[in-house]
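**Q** Here it is, the structure, as structure tokens.
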Amino acid sequence: MTYKSLTLFFCFSITVLSLSAQKYTISGYIKDATNGEDLGYAAVLVTNLQGVGVNSNAYGFYSLSLPPGEYTLAFQYMGFARLEKTVTLKEDMKLNVELDEEAATVEEVVVTAQREDQNISRNEGSVTQIDIGDMKKLPVLAGEPDVIKIMETNPGIKPAGEGNAGFYVRGGGLDQNLVLLDEAPVYNPSHFLGFFSVFNGDALKSATLYKGGMPAEYGGRTSSVMDIRMKDGNSKKLSVSGGLGLIASRLMVEGPLVTDKGSFMVSGRRTYADLFLGLSSDEALNSSRLNFYDLNAKANYRFGEKDRVYLSGYFGRDNFGFDDAFGLNWGNATGTLRWNHLFSDKLFSNTTLIYSNYDYEFSFGEDEDRIAVKSVIEDYNFKQDFGLFVNDKHTFKFGVNVIHHTIEPGNIDAGENTGFNPEPVEQEIGLESAVYVQHEYKVTPRLNLNYGLRYTLFNRIGSGTEYEFDDQGNILDQTEYEAGEWMTSSGGLEPRLSANYNLDASSSLKLGYNRSYQFLHLLTNATSSSPTDVWIMSSNTVKPQIADQISLGYFRNFSDNTYETSVEVYYKDMQNAIEYRNGANVFFNDVIESELVFGDGRSYGLEMLVRKKKGKLTGWVAYTLSRTLRQFDQINNGDEFPARQDRIHDISVVAMYEVSPKVTLTANFLYYTGDAVTFPSGRYTVEGTVVPYYTERNGYRMPDYHRLDLGLTWLRKKTEKFESSWNFSLYNAYGRENAFTIGFQPNEDNPQVTEAVQTSLFRWVPSATYNFKF
């Protein structure tokens, strides 16, 4: 059925192409004039034809078909100056353009302001894009720019908590966000036990998060897609930049392999808290480990006008240990090889091979007394994407994706003196395949549609064992499978839709719908994510999670696009949600599926945003009102209860004030109501031991969280050859002691009374970073 649909689609495409044969095509690449970087998703508008234009693809390629004549084309990209160029179209032509960051007038090229109404005109509604330049100015913990922390100041995107690099999107769990770095999935985007993300801001070119109306090219997660792209490297000249901070330092080198044909970029970052620990006279401290490092690398080369090859990779690792008693280390490694090919000025091809690996190990003791647990998740991924630019009204994208997953859920290595003789845990192997097609259709100058269909199939592959359980998790039956045998299959159709209707030049309505399947699941019983949480695959017992989401938004600009405002509402229905059963045994359990229960969930909310883009004072205010609820027959007597990420109110205020061309003040304020949490409802004593008991899942709330961060950026020197600046920040400026954990213990004076004890992480964290570029 799928292949017949694709055949019909190709026939339709050929017919459309033949009908548009009387037109000529302008195509080319849009680049940054400073460093030659491709500008993906830039807008190309025909100014003397209302509503006619296209967007470039992720690699800056655009194609526009028009009847013969004279046209003025406007090229626009967020953060860059607008460029207008007049052309006389008498035949197919190539037109590569470069956009400047500053205004200039050169011959027939007229540069004006950047595109200012993109929130009104772009098709997608529930999309957040980060300006990498602004990201580096805002105050963050220890002065390290963090794309995830900045994302979390936007509506509908909630931080998972202090000491956590995870995030929640519209009621989904931490594992329901697909985080991509140059198309490679990153399974744990955290450093330093979650205080930093793995994304070094120096190496990033763009960051986009889809929280609704997800394009059909993405799949495998039910909440969101965060698509992060690394810089390609400066193809004009050799450049060195970096920063020296109190906790970490960074260095990046980029330059041309061959001027304007190929370039490279290498960026590294490392913390050095462990170097100071080594100076301590305390033997336990000076033998402790507390550091992380990461390395980003990328190279590309253009073989003529039709072919370009990219090779990129990321490598990062954390090491944490206290003396020889405890150790924890984890890391990510990714690799992406891409080949861009132009079959014609209308058909663009991107072929991608991707490798991704995430592993962790934690251990206790040493030598013969050591117990260590190690887990690995490894992917090999093939993608073939095509972009077909039929004309200014019709753009198609279609392709296939095949991912080979391997998971080692947690193998245990025990020393001779531990008295523990663990058996190896079975590897889990799965094959996730998908085919998709999407169509961007400009129905009228006011109405744009982007709709598509994705079909995903997941196959669990042996060797392995499938179990049947009763309602209490006891094994009723089991089936053994040999290596290479097909075990369980699941999947289905995933329709996608986003629509934009322009009410007038300054306002629009946007509608989004998507269904998505998820076949890999993260199991956690902690109040915050941990590097040691376990990933498992869908099976005969664990069904794929399914989410259906619909959203509707009103977007309006004021005062000549100085202010952007938006109001969105959404509703999400979730099937096959996963939780641990009450009293679950999660440690050293090689049949973890027996401890799981399955149910449904729903999430709904209201998101509001006001952003000021012009003037000395810029920034935004974001507010989210939402609920996230779950229902399981085996939990809370089958009654609906709030999920851990059920935060009713969430407010962010971000402000940047340009005191002078060299000095910028910044502030960031966060407030959100406390997470739902399970606390003991009482206690009882057995032979002198106090045992807590629990009556309600997530029946209590953590205290509300709020924090103010302040920052100052001082551009110390800027010439044609050298630039330097200082960034100062104060994290948690008024010293709020926010709750990290809350525990319970008997009162010292009256042991019959149990009291709550709050643990907080930070009060004030000042930082200073010196940045340079030459």
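The values are calculated or read from the model by the stated rules, or taken from the named source; none is laboratory data. Values in this document were obtained by computation on a predicted structure and should not be read as measured data. As a convention, Cβ positions derive from the backbone with ideal geometry for all residues, glycine included, and neighbour counts pool all protein chains shown. Just so you know, the surface numbers come from the protein's heavy atoms only, side chains and all, with ligands and any DNA or RNA stripped out. Shrake-Rupley method; radii C 1.70, N 1.55, O 1.52, S 1.80 Å.
**Q** Just for segment 415-438: of the residues that are β-branched (Val, Ile, Thr) and farther than 23 Å from residue 481 by Cα, which one is least open to solvent (accessible area, probe 1.4 Å)?
**A** Selected residue: 435.
**Q** Go through segment 700-714 and give me each residue that's in contact with a Gly (Cβ under 8 Å, 6 or more places away or on another chain), open to solvent by less than 60 Å² (accessible area, probe 1.4 Å) and in a strand (DSSP E or B).
**A** If the condition is that a residue be in contact with a Gly (Cβ under 8 Å, 6 or more places away or on another chain), open to solvent by less than 60 Å² (accessible area, probe 1.4 Å) and in a strand (DSSP E or B), then 705 is the only one that fits.
**Q** For segment 567-589, what are the residues that are open to solvent by less than 60 Å² (accessible area, probe 1.4 Å), modelled with pLDDT of 90 or more and among the aromatic types (Phe, Trp, Tyr)?
**A** 570
**Q** For the condition at pLDDT 90 or above and among the aromatic types (Phe, Trp, Tyr), what is the one hit in 195, 276, 264?
**A** On inspection, the qualifying residue turns out to be 264.
**Q** Output the number of residues of segment 360-390 satisfying the condition of being more than 30 Å from residue 328 (Cα to Cα) and surrounded by 17 or more Cβ atoms within 10 Å (Cβ to Cβ).
**A** Summing the residues that are more than 30 Å from residue 328 (Cα to Cα) and surrounded by 17 or more Cβ atoms within 10 Å (Cβ to Cβ) in segment 360-390 gives 7.
**Q** Would you please name the residue that is least open to solvent (accessible area, probe 1.4 Å), looking only at residues in segment 728-774 that are without any contact (Cβ under 8 Å) to a residue 40 or more places away in the chain, more than 30 Å from residue 693 (Cβ to Cβ) and hydrophobic (A, V, I, L, M, F, W, C)?
**A** 733
**Q** Okay, next question. Taking segment 469-506, which residues are touching a Ser or Thr at 6+ places or on another chain (Cβ under 8 Å), loosely packed, with under 14 Cβ neighbours inside 10 Å and charged (D, E, K, R)?
**A** 480, 482, 485
**Q** Which condition breaks for residue 717 when tested against (1) open to solvent by less than 50 Å² (accessible area, probe 1.4 Å); (2) assigned to a strand (DSSP E or B)?
**A** (1)
**Q** Sort out which residues of segment 690-699 are surrounded by fewer than 19 Cβ atoms within 10 Å (Cβ to Cβ) and polar (S, T, N, Q), and write them in order of number.
**A** 695
**Q** Being among the aromatic types (Phe, Trp, Tyr) and open to solvent by 30 Å² or more (accessible area, probe 1.4 Å) is the filter here, so list the residues in segment 56-78 that pass it.
**A** Once the filter is applied, which keeps residues that are among the aromatic types (Phe, Trp, Tyr) and open to solvent by 30 Å² or more (accessible area, probe 1.4 Å), segment 56-78 yields only 77.
**Q** Looking only at segment 391-414, count every residue that is surrounded by fewer than 16 Cβ atoms within 10 Å (Cβ to Cβ) and over 24 Å from residue 491 (Cβ atoms) and tell me the total.
**A** Final tally of qualifying residues: 1.
**Q** So which residues in segment 532-566 are among the hydrophobic types (A, V, I, L, M, F, W, C) and open to solvent by less than 60 Å² (accessible area, probe 1.4 Å)?
**A** Residues satisfying the conditions are 534, 535, 536, 537, 542, 546, 547, 555.
**Q** State the number of residues belonging to segment 415-446 that are within 29 Å of residue 492 (Cβ to Cβ) and either modelled with pLDDT under 90 or of a type in the set (A, V, I, L, M) (or both).
**A** 8
**Q** Considering only segment 556-592, state which residues are among the β-branched types (Val, Ile, Thr) and over 23 Å from the mean Cα position of the chain (by Cα).
**A** 562, 565, 586, 591, 592
**Q** Return the residues of segment 89-100 that are within 28 Å of residue 182 (Cα to Cα) and open to solvent by 30 Å² or more (accessible area, probe 1.4 Å); say none if nothing qualifies.
**A** Across segment 89-100, the qualifying residues are 94, 96, 98, 100.
Conditions (1) in a loop (DSSP other than H, G, I, E, B); (2) modelled with pLDDT of 90 or more; (3) buried (at least 21 other Cβ atoms within 10 Å of the Cβ); (4) in contact with a Cys (Cβ under 9 Å, 6 or more places away or on another chain), marked per residue:
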{"site": "27", "(1), (2), (3), (4)": "no, yes, yes, no"}
{"site": "49", "(1), (2), (3), (4)": "yes, no, no, no"}
{"site": "54", "(1), (2), (3), (4)": "no, no, yes, no"}
{"site": "80", "(1), (2), (3), (4)": "yes, no, yes, no"}
{"site": "83", "(1), (2), (3), (4)": "no, yes, yes, no"}
{"site": "87", "(1), (2), (3), (4)": "no, yes, no, no"}
{"site": "102", "(1), (2), (3), (4)": "yes, no, no, no"}
{"site": "111", "(1), (2), (3), (4)": "no, no, no, no"}
{"site": "119", "(1), (2), (3), (4)": "no, no, yes, no"}
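**Q** Within segment 329-347, can one find any residue that is acidic (Asp, Glu) and crowded, with 19+ Cβ neighbours inside 10 Å?
**A** Yes, segment 329-347 has at least one match.
**Q** Still on this structure, please answer the following. Quick one: which of 673, 666, 678 is polar (S, T, N, Q), surrounded by 18 or more Cβ atoms within 10 Å (Cβ to Cβ) and in contact with a strand residue (DSSP E or B) (Cβ under 8 Å, 6 or more places away or on another chain)?
**A** 666
**Q** Something else about it: Looking only at segment 604-616, how many residues end up being open to solvent by 60 Å² or more (accessible area, probe 1.4 Å) and at pLDDT 95 or above?
**A** The total comes to 3.
**Q** Another one. Could you list, in sequence order, all residues of segment 531-587 that are of a type in the set (Asp, Glu) and assigned to a strand (DSSP E or B)?
**A** Correct list: 548, 564, 568, 573, 579.
**Q** Same structure again: Can you pull out the residues in segment 625-657 that are over 30 Å from residue 695 (Cα atoms) and buried (at least 16 other Cβ atoms within 10 Å of the Cβ)?
**A** 651, 652, 653, 654, 655, 656
**Q** Still on this structure, please answer the following. If I filter segment 373-389 for residues that are modelled with pLDDT under 90 and touching a Gly at 6+ places or on another chain (Cβ under 6 Å), do I get at least one hit?
**A** yes
**Q** Kindly evaluate residue 666 against the criterion of being out of contact with any helix residue (DSSP H, G or I) (no Cβ under 8 Å at 6 or more places or on another chain), polar (S, T, N, Q), touching a residue at least 60 places away in the same chain (Cβ under 8 Å) and at negative phi.
**A** For residue 666, the condition - out of contact with any helix residue (DSSP H, G or I) (no Cβ under 8 Å at 6 or more places or on another chain), polar (S, T, N, Q), touching a residue at least 60 places away in the same chain (Cβ under 8 Å) and at negative phi - is met.
**Q** Let me ask you something else. Is there a residue in segment 185-199 that is assigned to a loop (DSSP other than H, G, I, E, B) and in contact with a Lys or Arg (Cβ under 7 Å, 6 or more places away or on another chain)?
**A** no
**Q** Continuing with this model, one more query. Among the residues of segment 371-411, write down those that are assigned to a strand (DSSP E or B), among the hydrophobic types (A, V, I, L, M, F, W, C) and within 24 Å of residue 434 (Cβ to Cβ).
**A** Residues satisfying the conditions are 376, 377, 382, 386, 388, 389, 396, 398, 400, 402, 403, 407.
**Q** Name the one entry in 220, 242 that is closer than 22 Å to residue 405 by Cα, of a type outside the set (S, T, N, Q) and not in a helix (DSSP H, G or I).
**A** One residue alone meets the criteria, 220.
**Q** List pairs: first residue in segment 671-683 and farther than 16 Å from residue 754 by Cβ, second residue acidic (Asp, Glu) and open to solvent by 20 Å² or more (accessible area, probe 1.4 Å) anywhere in the structure, Cβ distance under 6 angstrom, at least six positions apart or on different chains.
**A** Pairs that qualify, where the first residue is farther than 16 Å from residue 754 by Cβ and the partner is acidic (Asp, Glu) and open to solvent by 20 Å² or more (accessible area, probe 1.4 Å), are 673/704; 674/704.
**Q** Does at least one position in segment 292-310 carry a residue that is aromatic (Phe, Trp, Tyr) and touching a His at 6+ places or on another chain (Cβ under 8 Å)?
**A** Checked segment 292-310: at least one residue is aromatic (Phe, Trp, Tyr) and touching a His at 6+ places or on another chain (Cβ under 8 Å).
**Q** Here's another thing I want to ask about it. Taking the condition of being part of a helix (DSSP H, G or I) and modelled with pLDDT under 80, how many residues in segment 133-166 meet it?
**A** 6
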